[in-house]
Amino acid sequence: MKSPPSLSRIQKIGMSSGLDSVGIANAEIFKSTLQDLTKRKSKGLHAGMSFTYRNPERSTNPKLAMPECKSLIVGAKSYWEPSLEKSKTGSPTGRVALYARQDHYGALRVGLESIAEELVDAGYDARILIDDNALVDREAAYRAGIGWYGKNSNILIPKRGSWFVLGSVLTNAGYQSNKPLKDGCGSCTQCITSCPTDAIVSPGVLDANRCLAWLVQSEGDFPTEFRTALGDRIYGCDDCQEVCPTNKFEERLNNSFGLSSSESVISIHKIFESDDDSLLAEFGRWYIPKRDPRYLKRNALIVLGNSKMPPSSKTIKIVKKCLAGSDEMLRAHAVWTAKRLGLGKLLIGLEGDPSPSVQRELAQKVERNTHSQGEESDLEWIG
């Protein structure tokens, strides 16, 4: 067997294949991460989230993914891009978090595959793990010296920030590990104070029960106490990254590349006008519980209720259709939307609805959206 490719060779291959950073970590158990995951799971901070919480013993031990593993070669790929100007459609739109606007993992995989191929050509084994429950990718990146943990729990790369997707090549080639970087946040707490739901309960600790990025992906009813905070977000939340001073480096670096090719907003009306197959075809790359488009419509109803536009005839038709539909979850959320938009007359006749969820929504007081106009309009009776 040949000697493994040098670290400089590995980094050169990765960077020439599109990666923005490459580091090396030993394939030892992530003991501190295992303790953190176990502790947070016992406190319920994971909010039922699976991913690497599903089996912490597995996701913190690289050798369970590859028994002969000696090293982790970790790569980072930037996904930051300037946003397209919002098109003035005259109808409500939902904001999509930057990481979800297109598949950024494809470009990351290309870079990691080039490294894996170099290792295999030298006679070594290599396995790529990207967005996989088998490995806590942030801890791998931290141990590989790629970045430090920000107070929002994201990995921050020096003078680049956290707008990155992460992945690893597991290999039986032995390398000396890079040293983890020291904290670079200092006394800054902007991500903590800017979170719209106070989900960052202490530096580096996130309560997923309050995190909008998780709540839009979770099953069941969307918690009433966070619906107004959701605003126009249809999927994801970038607030804690948008305010991060370190991220400004990446934004300035990439601003020269022009406008994004991906939409930052989507039509809310279109979500209700599309059938399930069409919705999954367009948004199937997102994590939608059980791949059930109802949850996308659930989020869309909340966005409608928070819209800065007065309810149009199309919006009212959508709310009426959901209120009259057979889906209990959508009926319940449509009650909230009707109240938010000042369309209380649409709720007449629902007093006898057999759904406990609908009855709870009917009984709750909802603060009316200040952007909905004056008195209830005759528009609400449009069929």
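Every read-out reported here was derived from the displayed coordinates using simple, explicitly stated rules and does not represent laboratory data. Bear in mind the structure is a predicted one, so any value in this text is a computation, not a measurement. Every residue, glycine as well, gets a Cβ built from its backbone with ideal geometry; the counts of neighbours run over all protein chains shown.
Could you look through segment 188-231, keep only residues that are under 16 Å from Lys43 (Cα atoms) and among the aliphatic types (A, V, I, L, M), and pick out the one that is nearest to the chain's Cα centre (by Cα)?
Checking each candidate, the answer is Ala208.
Taking segment 48-73 as the search range and keeping residues that are in a helix (DSSP H, G or I) and in contact (Cβ under 8 Å) with a residue 24 or more places away in the chain, which one is nearest to the chain's Cα centre (by Cα)?
Phe51
With the structure loaded, tell me whether Thr38 is part of a helix (DSSP H, G or I), closer than 17 Å to Ala140 by Cβ and among the β-branched types (Val, Ile, Thr) or whether it fails that test.
No; evaluated as a whole, the condition is false for this residue.
Working only within segment 232-253, note down all residues that are of a type in the set (A, V, I, L, M) and more than 13 Å from the chain's Cα centre (by Cα).
Within segment 232-253, Val243, Leu253 qualify.
If you go through segment 215-230 one residue at a time, how many are of a type outside the set (Phe, Trp, Tyr), touching a residue at least 12 places away in the same chain (Cβ under 8 Å) and part of a helix (DSSP H, G or I)?
Adding up the residues that qualify gives 6.
Filter segment 320-348 down to residues that are buried (at least 24 other Cβ atoms within 10 Å of the Cβ) and of a type in the set (Val, Ile, Thr) and give me whichever is farthest from Gly231 (Cα to Cα).
If we take residues in segment 320-348 being buried (at least 24 other Cβ atoms within 10 Å of the Cβ) and of a type in the set (Val, Ile, Thr), then Val335 is farthest from Gly231 (Cα to Cα).
How many residues are without any contact (Cβ under 8 Å) to a residue 60 or more places away in the chain, assigned to a helix (DSSP H, G or I) and of a type outside the set (Ser, Thr, Tyr) when one looks only at segment 187-214?
Within segment 187-214, residues that are without any contact (Cβ under 8 Å) to a residue 60 or more places away in the chain, assigned to a helix (DSSP H, G or I) and of a type outside the set (Ser, Thr, Tyr) number 4.
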